Structures are given as C-alpha cells and as structure tokens.
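**Student:** One structure, as structure tokens, below. Some questions next.
What follows is calculated from the coordinates using simple rules that are stated; it is not laboratory data. Quick caveat: nothing in here was measured; it's all calculated off a predicted structure. Here Cβ is always computed from backbone atoms with ideal geometry, including for glycine, and neighbour counts include all displayed protein chains.
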Amino acid sequence: MASTQAQKVPVYSVNDLKSTTDDALAPHLSTLPQPYAFTQDHTKTNVRFALGYSAVAIAAFTFYADRKLGWEATQSTWVITAVISYFVLNSLLTYWIWAVESGEVFRGKRKSGETISIRSTTKKHSPLYKLRVQYTSASNKVLEEKEFETPFTTWFSADGIFHPEPLKKWLASEVEVLRLAAKETGKKSGQ
C-alpha cells in the first residue's frame with residue numbers, strides 16, 4: 001500500500017529543503033498539459049553515471065587483484081595503469097559535476113523543440129532558493145533567461161511538510177512558458 005502522507009523534511013537543513021524542491025521540478029515540468037510538457041533529457045546524468053561507475057569498477061578490480069593476488073602482483077604495469085585511469089576518471093567526474101552540470105537540476109525539451117534548463121543554488125545558512133532558468137527555441141535562440149529567488153517557506157510549512165502547489169504557482173509567476181501552461185491547466189480544470 002502506497003503512503004499518502006505528505007513529504008516532511010527537517011526545516012533547518014538547507015540541503016534537504018533544496019533536494020526536495022529540486023526533486024519536485026522534474027515531475028511538475030513533465031506533467032504539464034500538452035503542448036507545454038517537457039521531456040527530461042538525461043544525457044548529462046548518464047555521462048555522470050558512466051564516469052562514476054567506471055571509476056568504481058576500476059577500484060573494485062584493483063581491490064580484487066590485491067586481495068587475490070597479493071601486494072607484489074599488484075605492482076605490475078596494468079595495475080598502475082588502472083590506478084592512473086581511476087584518478088583520471090575521478091578528475092573528469094569532478095570537472096563534469098562542477099563545470100558542465102554546474103547545478104543543473106532539470107533540462108527538458110518540448111515536442112516543438114524548445115528547451116528549458118534550470119539550475120538551482122542556495123547559500124549556506126540562507127533560507128533562499130535561487131533558480132536560473134534559460135528557455136531556448138529549437139534554433140537555440142534564447143527566448144527567456146532570468147534568475148529569481150524566494151524563501152523555502154513559500155512551499156514548506158513550519159513543520160517541514162512540502163506543499164507542491166505554491167512551488168508551481170511561484171514558477172508560473174516567474175517563467176512565461178510555465179505561466180501559459182498554468183493558464184491552460186486552469187482552463188481544463190474550470191478555474
């Protein structure tokens with residue numbers, strides 16, 4: 001039986017507040033009415049996983065070799081190459097996370113070709129959630145680019161219960177394509 005309880009997070013943990021909010025973006029943007037719905041692009045996440053799991057596989061292999069063959073056997077060229085590869089992969093992974101992804105929590109594309117990229121940031125000990133949204137046309141022309149922020153208390157209650165509707169309203173008030181989608185949703189539901 002699925003739980004219908006509202007999601008509750010510690011209100012003094014900015015990381016938990018940010019993670020919960022970030023996680024709520026993809027389901028919202030993917031379930032907008034057509035033609036406004038976005039299909040999430042997982043390319044950057046897939047590259048991140050490939051780099052990370054490759055490094056873990058190399059580490060597991062060298063551990064296994066050390067355990068089964070002993071220390072002397074692991075000083076061979078192939079093990080040294082594996083260890084160097086591990087450090088190269090982890091360096092690439094770190095670069096990928098900090099320079100390429102750089103806080104991107106959602107990238108999606110509409111059927112008409114427009115793309116939205118959303119990056120989120122918070123500052124330590126600050127209750128503000130900051131988003132940077134870039135909305136581009138199918139020809140890669142920037143249609144809308146803006147940064148905006150609001151306190152987490154907009155969609156979290158005092159006891160840490162997450163309320164998605166205020167988050168959706170806030171996004172619709174800041175991003176034009178989401179405002180149009182909200183109007184369409186209102187028409188369909190008779191509001």
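**Student:** Relative to the present Cα-Cα distance, how much length would full extension add between N15 and T81 at 0.36 nm per residue of separation?
**Tutor:** Details: separation 66, 0.36 × 66 = 23.76 nm, distance 3.73 nm.
Taking 0.36 nm per residue and subtracting the Cα distance, the gain is 20.0 nm.
**Student:** Right, something else. Would you grab the residues whose amide H sits under 5 Å from the one on V105? Only those 5+ places off in sequence or on another chain, please, with H modelled 1.01 Å from N.
**Tutor:** Excluding prolines and chain starts, which carry no amide H, the hits are I118, R119, S120.
**Student:** Give the whole-number value, in cubic angstrom per residue, of the convex hull volume spanned by the C-alpha atoms of region 1-112.
**Tutor:** It is 197 Å³ per residue.
**Student:** List the DSSP H helices in the chain whose Cα atoms stretch 24 Å or more along the helix axis and whose mean Kyte-Doolittle hydropathy is at least -0.5.
**Tutor:** The answer, listed by residue number, is 14-30, 43-69, 77-95.
**Student:** In addition: Hey, how many Å between the Cα centroid of region 170-189 and the Cα centroid of region 92-112?
**Tutor:** 25 Å
**Student:** Taking amide hydrogens as modeled 1.01 Å from N in the peptide plane, which residues meet the under 5 Å criterion relative to Y129, leaving out close sequence neighbours?
**Tutor:** Placed amide hydrogens put T150, F152 under 5 Å from Y129.
**Student:** Determine, for each peptide in 143-154, 27-38, the mean count of other beta carbons within 10 angstrom over its residues, then list the peptides with the highest first.
**Tutor:** By packing density, highest mean first, the sequence is 27-38, 143-154.
**Student:** Then there is this: How large are Rg and Dmax for the chain when only the alpha carbon atoms are used, in Å?
**Tutor:** Every Cα atom of the chain included, Rg and Dmax give 21.7, 75 Å.
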